[in-house]
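Chemist: My questions will all concern the structure given below.
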Amino acid sequence: MPPWCLRLLEWYYHARREMPWRGHPDAYAVWVSEIMLQQTQVNTVRPYFERFLQLFPDVFALASATDEALLKAWEGLGYYTRVRNLRKAAQQLVAENKGRLPQTARELKNLPGIGAYTAAAIASICFNECEPVVDGNVARVFARRNLLSDDFSKEAPRRNLANWLRPFISACAAPGDFNQAMMELGALICTPRHPVCPQCPLRSECKAAETMRQEDYPVALKRKALPERKHEVLLLRNAKGELLLTQHQGERLLDGFWELPRRDLLSFPIRRLQKCYIHKQTFSHFRQILTVFTAELPDELPSLPPDFQWCAAPEKLPITTATRKILMQMQSPHLQNHLTERASGSKTSQAAKKRKSTR
Ligand code: SF4
């Protein structure tokens with residue numbers, strides 16, 4: 001094995017972080033963790049992973065999970081297509097392969113939601129296949145080490161890098177560790193900003209470190225500005241204190257989630273609208289800006305359409321991240337005081353108007 005690979009592995013065995021899925025004997029658990037880790041950081045994933053495995057301990061439990069249980073377990077992790085594909089893949093495995101995961105990256109790629117990177121990670125970690133992973137961390141490490149100017153968001157440069165890495169991983173007795181070592185190096189040492197080169201096992205052959213151009217690689221790509229979607233949403237409670245929620249429509253990735261109703265979609269009149277908060281959130285393909293209003297309900301409440309409901313315990317439903325954050329924000333003492341002050345201010349000015357009109 002080349003000296004740099006040995007140094008990389010030695011560093012990994014010494015510096016790796018403890019993770020609940022690392023060294024897990026069950027390929028199902030590794031698969032779940034790899035899907036969760038797509039687009040999401042390790043520390044965010046940890047509690048979700050443990051809860052998900054308690055709820056759905058094996059492929060069979062996942063295959064028969066209800067929509068509501070599944071979305072609730074994933075609520076807040078985002079990129080919900082991942083969990084829908086996870087269940088679809090589990091159903092395929094139960095129907096076609098007695099619930100067992102295939103052992104090669106080529107076969108794993110046939111399952112919904114498993115691309116080249118995830119297939120290589122599962123096949124190498126669980127089944128010792130010598131298939132290199134190329135994720136953002138690995139691309140950054142080798143773009144710097146080898147001074148590569150490619151656009152690693154494209155498939156061809158990722159495939160070329162995997163081809164370059166294949167002979168090295170093939171010379172290694174523990175391909176899963178080799179892959180995890182490269183990813184861990186990118187996460188802990190060769191970070192996007194301020195890489196810690198003096199502690200890096202690849203320092204002696206790294207061309208970027210030699211020329212002090214670490215932060216010039218990978219080459220930054222110009223990103224198009226994301227389109228903005230602006231909506232007004234309502235925080236409405238009935239006399240019992242129940243919150244009005246509606247089931248999301250129009251965006252496939254949020255199908256099945258509950259959220260605050262949009263003002264323009266409400267079918268009954270409301271009074272005394274009060275603007276109280278602006279929530280901003282960036283998705284992969286747009287930016288969402290929600291202006292939140294409180295309001296009073298009409299004296300007689302109309303019956304609600306089927307996709308609306310008064311809800312006593314929103315936390316029991318799968319709710320969108322935006323709704324969860326808005327509800328948390330609304331509980332902050334600062335906002336509560338502000339709303340109380342504004343409400344009493346508006347009552348005072350109404351009383352003043354009334355006095356004026358009766359003089
Ligand atoms: S020496 Fe520095 S820039 Fe090069 S791979 Fe290591 S951490 Fe990254």
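Chemist: For the stretch 271-290, give me the residue count where each residue is part of a strand (DSSP E or B) and either closer than 13 Å to E228 by Cα or not assigned by TED's automatic domain parsing to the domain that holds M330 (or both).
Modeler: Qualifying residue count, the stretch 271-290: 8.
Chemist: Now for a different question. Applying the selection to the stretch 25-45, what residues are among the aliphatic types (A, V, I, L, M) and without any contact (Cβ under 8 Å) to a residue 60 or more places away in the chain?
Modeler: A29, V32, M36, L37, V45 - these are the residues of the stretch 25-45 that are among the aliphatic types (A, V, I, L, M) and without any contact (Cβ under 8 Å) to a residue 60 or more places away in the chain.
Conditions (1) assigned to a loop (DSSP other than H, G, I, E, B); (2) more than 22 Å from A116 (Cβ to Cβ), marked per residue:
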position: Y13; (1), (2): no, yes
position: W21; (1), (2): yes, no
position: A29; (1), (2): no, no
position: V32; (1), (2): no, no
position: Q39; (1), (2): yes, no
position: Y48; (1), (2): no, yes
position: L53; (1), (2): no, yes
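Chemist: Within the stretch 122-142, take every residue that is among the charged types (D, E, K, R) and within 16 Å of the ligand (Cβ to nearest atom) and give me the one that is farthest from the chain's Cα centre (by Cα).
Modeler: So the residue we want is R140.
Chemist: Taking the stretch 139-196 as the region of interest, how many residues are of a type in the set (G, A, S) and under 16 Å from M212 (Cα atoms)?
Modeler: 2
Conditions tested, residue by residue: (1) at pLDDT below 95; (2) within 29 Å of V141 (Cα to Cα); (3) assigned by TED's automatic domain parsing to the domain that holds F178.
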{"residue": "L9", "(1), (2), (3)": "no, yes, yes"}
{"residue": "M36", "(1), (2), (3)": "no, yes, yes"}
{"residue": "N43", "(1), (2), (3)": "yes, yes, yes"}
{"residue": "A63", "(1), (2), (3)": "no, no, yes"}
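Chemist: Report, by residue number, each residue of the stretch 70-85 that is in contact with a Pro (Cβ under 8 Å, 6 or more places away or on another chain) and more than 19 Å from E315 (Cα to Cα).
Modeler: Hit for the stretch 70-85 is N85, nothing else.
Chemist: Same structure, new question: In the stretch 86-103, what residues are part of a loop (DSSP other than H, G, I, E, B) and either farther than 17 Å from A123 by Cα or of a type in the set (D, E) (or both)? Don't jump to the end; show me each part of the working.
Modeler: So the first thing to find is which residues in the stretch 86-103 are part of a loop (DSSP other than H, G, I, E, B), and the list is 98-103.
Within the stretch 86-103, K98 is the sole residue that qualifies.
Chemist: Spot the failing condition for M1; the list is (1) within 16 Å of A174 (Cβ to Cβ); (2) surrounded by fewer than 19 Cβ atoms within 10 Å (Cβ to Cβ); (3) at pLDDT 95 or above, and only one is missed.
Modeler: Only one criterion is unmet by M1, namely (3).
Chemist: From the residues in the stretch 215-239 that are within 12 Å of A143 (Cα to Cα) and surrounded by 19 or more Cβ atoms within 10 Å (Cβ to Cβ), which one is nearest to the ligand (Cβ to nearest atom)?
Modeler: Y217
Conditions tested, residue by residue: (1) within 8 Å of the ligand (Cβ to nearest atom); (2) basic (K, R); (3) in contact (Cβ under 8 Å) with a residue 40 or more places away in the chain.
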| position | (1), (2), (3) |
| --- | --- |
| F152 | no, no, yes |
| A156 | no, no, no |
| I169 | no, no, yes |
| P175 | no, no, yes |
| M182 | no, no, yes |
| P195 | yes, no, yes |
| P198 | no, no, no |
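Chemist: Do any helices (runs of 4 or more DSSP H) lying entirely in the stretch 137-227 carry at least 3 residues that are in contact with a Ser or Thr (Cβ under 6 Å, 6 or more places away or on another chain) and closer than 15 Å to L6 by Cα, and which ones are they? Explain how you work it out, then say what you get.
Modeler: Numbers: elements: 155-170, 175-188, 207-210.
By residue number, 175-188.
Chemist: Assess whether E205 counts as being assigned by TED's automatic domain parsing to the domain that holds N137 and more than 21 Å from P132 (Cβ to Cβ).
Modeler: Considered against the rule, which asks whether it is assigned by TED's automatic domain parsing to the domain that holds N137 and more than 21 Å from P132 (Cβ to Cβ), E205 comes out as no.
Chemist: Condition first: assigned by TED's automatic domain parsing to the domain that holds F56, outside any loop (DSSP other than H, G, I, E, B) and without any contact (Cβ under 8 Å) to a residue 40 or more places away in the chain. Can you find one or more residues in the stretch 123-136 that meet it? Give the steps one after another, and end with the answer.
Modeler: Filtering the stretch 123-136 down to residues assigned by TED's automatic domain parsing to the domain that holds F56 leaves 123-136.
Subset that is outside any loop (DSSP other than H, G, I, E, B): 123-127, 136.
Filter once more, so that each one left must be without any contact (Cβ under 8 Å) to a residue 40 or more places away in the chain: 123.
Scanning the stretch 123-136, I find at least one residue that is assigned by TED's automatic domain parsing to the domain that holds F56, outside any loop (DSSP other than H, G, I, E, B) and without any contact (Cβ under 8 Å) to a residue 40 or more places away in the chain, so the answer is yes.
The values are calculated or read from the model by the stated rules, or taken from the named source; none is laboratory data. Just so we're clear, the structure is a prediction, and the values are computed from it rather than from any experiment. Positions of Cβ are backbone-derived with ideal geometry, glycine not excepted, and every protein chain shown enters the neighbour counts.
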